[in-house]
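Beneath this line is the structure, given in structure tokens, with notes to follow.
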Amino acid sequence: MKILCAVKRVVDYNVKIRVKTDQSGVETSNVKFSMNPFDEIAVEEAVRLKEAGTATEIVVVSVGPTQAQETLRTALAMGADRAILVQTDVTTEPLAVAKVLKALVGKEAPGLVILGKQAIDDDCNQTGQMLAALLGWGQGTFASKVAPAGDAVAVTREIDGGLEVVSLKLPAVVTADLRLNEPRYASLPNIMKAKKKPLETVTPDSLGVDVTPRLKTVKVAEPAKRQAGIKVPDVATLVDKLKTEARVI
Ligand code: AMP
């Protein structure tokens, strides 16, 4: 079974996000970028399925600028076999990425597509769901366990009430949640090996997809600063303040 994994290049999760002074978006110059953390989990799961003998090939895809090659190389160093960069300099929106992935699914015919549950830059949490809808495939979102068996896959999902297990007929779409696994660090020899693995660059046009953004950002603003707290001298004062000053949310 071939697995297709989608990996997005995002501002590193350790970076303190700054809003551009003209409020048109988030500052991205001189900022560290890395692979979306949920996509690392998606790649790790694919690599584990290959190590277990369930998957035969892992193809990683990123839709983004030339620099997204670095993200793809990281995925190759983790154990993916081949990478495809769908090169574009426009801001990618979930529907556009889902259409690109659908076109690649048409070419690559994977048995499973694994994405992150959400990209931490826009927190959309839409691409996997849209892809499954476009393909007419089953979807197992927020996966904390993925267990393929024959022509189906059992996906344990993290839902508000606890856990839910869905059985999907393959091919299917899965999105990775935090507890699915702990991604490995790429070792130095694997980083060196990854440099020689195939990385193909294509354009959205060549896949017949128009990725022109449809959303217009009106304004980006920082959330209001939290007000400083106060210290109370004893429990009695605390209880009193809770009774008289606490607001019911
Ligand atoms: P989102 O719907 O934007 O929160 O993204 C959900 C998942 O879709 C991410 O974790 C990635 O696996 C995938 N994805 C979103 N945008 C891209 C992109 N530009 N390139 C590759 N994968 C993407």
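The values are calculated or read from the model by the stated rules, or taken from the named source; none is laboratory data. These figures come from a predicted structure and were not determined experimentally. Methodologically, a virtual Cβ is constructed for each residue, glycine included, from the backbone with ideal geometry; neighbour enumeration extends over all protein chains shown.
Of note:
- Single residue of T71, T28, T54 found to be at pLDDT below 95 and polar (S, T, N, Q): T28
- When K99 is tested against (1) among the charged types (D, E, K, R); (2) in contact with a helix residue (DSSP H, G or I) (Cβ under 8 Å, 6 or more places away or on another chain); (3) without any contact (Cβ under 8 Å) to a residue 60 or more places away in the chain, exactly one condition is not met: (3).
- For the stretch 50-64, a tally of residues being in contact with a Lys or Arg (Cβ under 9 Å, 6 or more places away or on another chain) and within 10 Å of the ligand (Cβ to nearest atom) returns 4.
- Those residues of the stretch 129-182 which are out of contact with any Pro (no Cβ under 9 Å at 6 or more places or on another chain) and of a type in the set (F, W, Y), in sequence order: F142
- Among the residues of the stretch 57-97, just one is buried (at least 24 other Cβ atoms within 10 Å of the Cβ), assigned to a loop (DSSP other than H, G, I, E, B) and more than 14 Å from the chain's Cα centre (by Cα), namely A80.
- Pair list, Cβ under 6 Å, 6 or more apart: the stretch 18-47 residue assigned to a loop (DSSP other than H, G, I, E, B), other residue β-branched (V, I, T) and more than 16 Å from the ligand (Cβ to nearest atom): Q23/V220; G25/V220; V31/V15; K32/V15
- The requirement of being under 22 Å from K216 (Cβ atoms), hydroxyl-bearing (S, T, Y) and more than 8 Å from the ligand (Cβ to nearest atom) is fulfilled somewhere in the stretch 82-95, by at least one residue.
- Members of the stretch 190-249 found to be of a type in the set (D, E, K, R), touching a residue at least 24 places away in the same chain (Cβ under 8 Å) and under 30 Å from M78 (Cα atoms), listed by number: K193, K195, K197, E200
- Members of the stretch 100-126 that are within 15 Å of the ligand (Cβ to nearest atom), part of a helix (DSSP H, G or I) and more than 21 Å from V47 (Cβ to Cβ): V100, K102, A103
- Members of the stretch 131-155 that are farther than 27 Å from E93 by Cα and without any contact (Cβ under 8 Å) to a residue 24 or more places away in the chain: A147, A149, G150, D151, A152, A154
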